[in-house]
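To start, I am sharing the structure in question, which I have written as structure tokens.
Just so it is clear, none of the values below were taken in a lab; they were calculated from the coordinates. Since the model is a prediction, treat every value here as computed from it, not as a measurement. Ideal geometry is used to build each Cβ from the backbone, glycine not excepted, and the neighbour counts take in all protein chains shown.
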Amino acid sequence: MSLILLAALALGVAGGVLLPEDASAFLDSASSVMLLALLFSVGIDMGRNKEVFARIKELGLKILLIPVGVAAGSLFGGAVTALLIHLPLREGMAISSGLGWYSLSGILLTEAGNPTGGAVSFLANVFREAITFVIVPFLAGHLNFYCAIAPAGATAMDTTLGVISKNTNSETAVLAFVSGVVCTLLVPVLVPLFL
């Protein structure tokens with residue numbers, strides 16, 4: 001399955017290079033419709049499993065441990081990378097604070113006067129999303145379902161929710177959605193914090 005996802009991504013990149021500029025408006029609309037259809041189908045799967053919501057209620061605030069761990073791990077990774085490549089620590093952490101939300105984090109860094117950091121943040125978060133599609137089946141199959149949520153970051157609530165849901169179970173899909181929402185809410189707070 002991972003190879004199919006990787007091949008689809010590669011074909012998409014090739015298509016993006018070959019398609020004319022005016023195709024982007026259609027593709028934006030089509031991808032939005034497909035994302036809504038994906039979220040709808042995952043929602044149906046979640047809604048069919050009544051035990052999931054009882055389990056989430058039982059977890060209470062513990063449900064926040066996953067997104068807090070995702071954010072802490074991302075910041076730690078940004079700090080270590082900054083030290084390894086001799087980048088200012090705050091800049092490395094601002095770049096990693098995107099948590100997968102490439103369309104916002106890149107803009108925030110660019111508007112703060114760091115276009116290079118904005119470009120790096122954009123690319124790092126795009127690669128994070130692409131790697132998530134490939135690595136989730138491995139993590140879910142060889143480690144545990146909760147580990148499959150972490151690479152997605154903020155995208156666990158939308159674009160990567162499908163691959164998480166397909167490779168785990170309904171409870172994990174709901175936890176992934178909650179984690180994605182919390183990570184999404186953290187991005188506009190964390191990125192400016194380190195600028």
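If I histogram all Cα-Cα distances within segment 65-175 using bins 5 Å wide from 0, what percent of pairs lands in each bin?
Histogramming segment 65-175 at 5 Å steps yields 2, 14, 22, 22, 17, 12, 7, 3, 0 percent.
Which of rounded, prolate, oblate describes the chain, given a ≥ b ≥ c as roots of the alpha-carbon gyration tensor eigenvalues and a/c under 1.5 marking rounded, otherwise prolate only if a/b is larger than b/c?
Oblate shape, in that a/c is at least 1.5 and b/c is the bigger or equal ratio.
So what are the ³J(HN,Hα) numbers for segment 154-166, from phi and the Karplus equation (6.51, -1.76, 1.60; θ = phi - 60°), rounded to whole Hz, Gly and Pro as x?
Along segment 154-166, the couplings run 5, 6, 5, 8, 9, 5, 9, 4, x, 5, 5, 4, 5 Hz.
Moving on to the next point. Can you tell me which of 159-170, 91-102, 111-122 comes out highest on packing, and rank the rest after it, using the mean Cβ neighbours within 10 Å?
Per-residue mean Cβ counts within 10 Å order the peptides as 91-102, 159-170, 111-122.
With helices defined as uninterrupted DSSP H runs, which ones in the chain have an alpha carbon span along their own long axis of at least 20 Å and mean Kyte-Doolittle hydropathy of at least 0.0?
Within the chain the helices that satisfy the rule are 2-18, 23-48, 65-84, 115-142, 170-193.
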